[in-house]
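First up is the structure itself, then whatever we jot down about it.
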Amino acid sequence: MSYQPPVDYYQQPQRSGNRGLGAGITSIISAVLSPIAAVVSIPLGVAAVASAVSRYNQGNDAWWFGALVLAGVAVLLAIVAVVCGLIAVFRAGRMNAGRITGIIGLAIMAVNIFGVVFMVFLVVGAGQGN
């Protein structure tokens, strides 16, 4: 009769504490790219308005389309950043690389959102000063 080790001997090794790391990294990348896409869409929007005002250029659909696409990409990246950050934070069971990167991605998005809110209040406040 041959020797058979106990069942515990065949258990899979424990995974390292990297659960949620991919989602956290995706959150950071999306949070950084979102304001870049938004800032790039601003000159296209200005060009679209300038093109619409100009009597020499009647076909300005490409400027509007480009501005709207980049603004949509910015919003989509913001949503991806928040969702991936939340997935990373909740998927990681304890404080590990996944949870840390998720928290960093959410923190970057919070800074982005508060920056936009601050700019809106600044513009509205400047308009009220008349």
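Does region 64-108 classify as rounded, prolate or oblate by the C-alpha gyration tensor (a ≥ b ≥ c root eigenvalues; a/c under 1.5 gives rounded; else a/b over b/c gives prolate, otherwise oblate)? Please list the in-between numbers first.
On the way: a/c = 5.69, a/b = 3.66, b/c = 1.55.
Cα axes put region 64-108 in the prolate bin.
What's the local net charge at GLY102, with K and R +1, D and E -1, over the other residues with C-beta under 12 Å away? Working shown, then result.
On the way: positive: ARG19, ARG91, ARG99; negative: none.
My count for the surroundings of GLY102 gives +3.
How much net charge surrounds PHE90 when only other residues with a Cβ under 14 Å from its Cβ are counted (Lys, Arg +1; Asp, Glu -1)?
Working: positive: ARG19, ARG91, ARG94, ARG99; negative: none.
The answer is +4.
By per-residue mean of other Cβ atoms within 10 Å, what is the highest-first order of 106-112, 24-30?
On the way: 106-112: 17.7, 24-30: 22.6.
Peptide ranking by packing, descending: 24-30, 106-112.
Bear in mind that the values in this text are calculations on the coordinates, not laboratory data. Predicted model only: the values in this text are computed from it and were never measured. As a convention, Cβ positions derive from the backbone with ideal geometry for all residues, glycine included, and neighbour counts pool all protein chains shown.
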